[in-house]
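As structure tokens, the structure follows; a few thoughts come after it.
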Amino acid sequence: MGLSSDVGITLFEKDCNTADVLAALQNEKVCVLLGPSAELSERFGVSKVKLTQNSREVFWSGGAGQSFKTLHEMWGWEHSDGEAVISEKTGMAVWLWLKLNRGGLLFIGTDMVGDLIRFRQGDPSKAQMRPTDVMWGISGERPVYLFEEQLGGNRYARDADLWAMALARTLAEVSGAKLHDILPGGAPGAVVVTGDDDQAFLGKYDEQLTILGDIPITYLLHPLTRHNRKTLYRMRKRNRGVDFGIHPDALDTPDNYRELFHEQVLWYQKLVGCSPLSLRNHGFLNDGYWGHLPAWLDHDVAISSNLPGLDGRILTGSLLPARMVWNGKLTSHWSVLTAIGDGVRFVSGMSDQDAGYKVLSFAESIRSSGIPGVMVLNLHPQNVSETRAMHEAVKEVIRSGFVAWNLQQCLDWFSSRDGETIRKNKAKTTWLSRRLASMRSRFI
């Protein structure tokens, strides 16, 4: 959800100059103060309070009292005329709005950037604590362990999306700005269907495309796929929404991932006729803490859905794609959660009908939350006979008003709103994005 571009909002970091803030206020601007100093706060009669309690739960007044959490320390604010936007459990404001003339100040006492990165990318301190046990019946590292501790008891919480929504809606309310729809036409959600190749029989692809009809799908091609250029062309001719990405495989020699990925990209280019835009690793290899990302950036892979929710678990606290931060910089690579995979049928011993109901109920949870989300659903073509109810559920979700996309279409929509040029795949960050990425290490 973005603000209209002509809104008078200025973002100030921790070490900002008081004179600059005063000048902005004279121009009737809304000023967002991220972790301002006590001296600056006191200039406007606002007391800055260090919060020491262990609870990280917060409450958003604009979200019908909705609660979510921060993963970092918080500061509180006190002012007799201030309005608490987000409060911690005692009622102390950790986001405070102070109206001044036709502008005002929004005091932010949480590590907004740190929270968004941690929720969406996991905890880097867990990188050296990789589990060695087989997970979901298949060997190979799963990135789940980077997120489990910060998820807590709520497997379906969208903390990252709530933080972003709270900021967008608050700024819209205090500035009078118009919020753009997150999804086309104000849709409640989107469905992105993917299919990991895994050397599936070509007849299984035919069966899957017959069921899906004209629903878009991204097929992520394994280096040992049974496809050739002719069969890929036939699928595209049959369904204009068929899209291809790469399904790199380094399970046998994970330490050689970068070299193998380079070789497999060359293979993909020869088969498909272009470089891969999208990716999911075979086996969800993770290399500690996003160690594969540099290899993806080397080859301009623009989007991955490499994080597994399996049964709808919102591992990242988000159902929206976002660009990755690496070495303190905002990159051109987007990541989106795979919310449900057909592995839920086999790992959990779930029937096809129950798995289909899981898809429907997950979509309904997105709709009822009031925050649009993108549900990436991975349906292997080889498993199509065992997952017909899941396929039919996808069709029902789309009929109910969800947008139907492949990964390319999803990327095109969100990147166009972010000012990126996808074909060149260069990071053209907005001023706000650059500032948010750069200030992470300096926030208190």
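Which lysines have a Cα lying under 16 Å from the Cα of residue 126, excluding residues fewer than 8 positions away in the same chain?
none
Sorted by accessible area with a 1.4 angstrom probe, largest first, how do 326, 163, 97 fall?
Highest to lowest solvent-accessible surface, that is 326, 97, 163.
Roughly how many debye, to the nearest 20, is the charge dipole of segment 125-245 about its Cα centre, given +1 on each Lys and Arg Cβ, -1 on each Asp and Glu Cβ, and no other charges?
Dipole magnitude for segment 125-245 comes out near 620 debye.
Which of 200, 94, 175 sits farthest toward the positive end of the charge dipole of segment 88-242, with +1 on the Cβ of Lys and Arg and -1 on the Cβ of Asp and Glu?
Among 200, 94, 175, the one farthest towards the positive end of the dipole of segment 88-242 is 200.
Going Cα to Cα from residue 395, which lysines come in below 22 Å? Please leave out same-chain ones fewer than 8 positions away.
204, 237, 358
For helix 388-399, what angle does its Cα long axis make with the longest principal axis of the chain, in degrees from 0 to 90 and rounded to 10?
Taking the Cα atoms of the chain, the angle to 388-399 is about 50 degrees.
What lysines does residue 89 reach when the alpha-carbon gap must be under 26 Å and sequence neighbours fewer than 8 apart in one chain are set aside?
Residue 89 reaches 14, 48, 50, 69, 99.
Relative to the longest principal Cα axis of the chain, at what angle does helix 112-121 sit, 0 to 90 degrees, rounded to 10?
For helix 112-121, the angle is close to 10 degrees.
In what sequence, highest mean first, do 12-20, 328-336, 146-154 appear when ranked by Cβ atoms within 10 angstrom?
For the peptides 12-20, 328-336, 146-154, the packing ranking is 328-336, 146-154, 12-20.
Grab every C-alpha pair in segment 140-264, bin the distances at 10 angstrom width from 0 up to the longest one, and report whole percents.
Percent of pairs per bin, in order: 10, 25, 23, 27, 12, 2.
Can you give the translational diffusion coefficient of segment 1-126 in µm²/s, computed by Stokes-Einstein from the Kirkwood radius over Cα pairs at 10 °C and 1.306 mPa s?
Translational D for this selection: 103 µm²/s.
May I ask for the angle, rounded to the nearest 10°, between helix 159-175 and the longest principal axis of the chain, with both axes built from Cα atoms and the value confined to 0 to 90°?
Taking Cα atoms only, the helix is inclined about 50 degrees.
Mind running the shape call on segment 62-216? Use the C-alpha gyration tensor, a ≥ b ≥ c as the square roots of the eigenvalues: rounded below 1.5 for a/c, prolate if a/b tops b/c, oblate otherwise.
It is oblate, given that a/c is not under 1.5 and a/b is not larger than b/c.
Express in Å², to the nearest 10, the accessible area of residue 112 obtained by rolling a 1.4 Å probe over the protein heavy atoms while all chains stay in place.
Looks like 10 Å² after rounding.
Rounded, prolate or oblate: which fits the chain when a ≥ b ≥ c are the square roots of the eigenvalues of the alpha-carbon gyration tensor, with rounded for a/c under 1.5 and prolate only if a/b beats b/c?
Since a/c reaches 1.5 and a/b is larger than b/c, the shape of the chain is classed as prolate.
Let me check I have the definition right: for segment 199-283, take the eigenvalues of the Cα gyration tensor, multiply each by 5, take square roots. What are those semi-axes in whole Å, largest first?
Ellipsoid half-lengths, sorted descending, are 24, 13, 11 Å.
Per DSSP H run of n ≥ 4, the term is -39500 (n - 2.57); total these for the chain, divide by its residue number, and report the mean residue ellipticity at 222 nm rounded to 500 deg cm²/dmol.
Per the formula, -9500 deg cm²/dmol.
Using only alpha carbon pairs under 8 Å that are at least six residues apart, calculate the relative contact order of the chain and give it in whole percent.
17 percent
Which of 343, 62, 109 moves most in a GNM of the chain, Cα contacts under 10 Å?
62
Among 326, 363, 348, which residue has its Cα positioned farthest towards the positive end of the charge dipole of segment 303-369, with +1 placed on the Cβ of Lys and Arg, -1 on the Cβ of Asp and Glu, and the dipole taken about the Cα centre?
326
Compute the Cα gyration tensor for segment 352-420, then decide on rounded, prolate or oblate, letting a ≥ b ≥ c be the square roots of its eigenvalues: rounded whenever a/c is under 1.5, prolate when a/b is larger than b/c in the other cases, and oblate in all that remain.
oblate
Evaluate the distance, in nm, between pseudo-label points positioned 7 Å from the Cα of residue 101 and of residue 327 along their respective Cα→Cβ axes.
4.5 nm
If you rank 240, 313, 229, 155 by how much accessible surface each has, with a 1.4 Å probe, what is the order from largest down?
Per-residue accessible area, sorted high to low, gives 240, 229, 155, 313.
Can you pull out the chymotrypsin sites (Phe, Trp or Tyr not before Pro) in segment 243-281 whose DSSP state is coil and whose Cβ has at most 15 other Cβ atoms within 10 Å?
Listed in order of number, the matching sites amount to none.
In nm, to one decimal, how far is the modelled label at residue 149 from the one at residue 43, with both set 7 Å along Cα→Cβ?
With each label placed 7 Å out from Cα toward Cβ, I get 3.9 nm.
Label-point separation (nm) for residue 178 and residue 127, each offset 7 Å from Cα along Cα-to-Cβ?
Result for the modelled spin labels: 4.4 nm.
Within the chain, what percent of beta bridges assigned by DSSP are antiparallel, to the nearest 5?
45 percent
Rounded to the nearest 20 Debye, what is the dipole magnitude of the chain about its Cα centre when Lys and Arg each give +1 and Asp and Glu each give -1 at the C-beta?
The calculation lands at about 1000 debye.
The values are calculated or read from the model by the stated rules, or taken from the named source; none is laboratory data. These figures come from a predicted structure and were not determined experimentally. Note that each Cβ is placed from the backbone with ideal geometry, even for glycine, and that neighbours are counted across all protein chains shown. Side chains included, ligands, DNA and RNA excluded: accessible areas come from the protein's heavy atoms. Shrake-Rupley method; radii C 1.70, N 1.55, O 1.52, S 1.80 Å.
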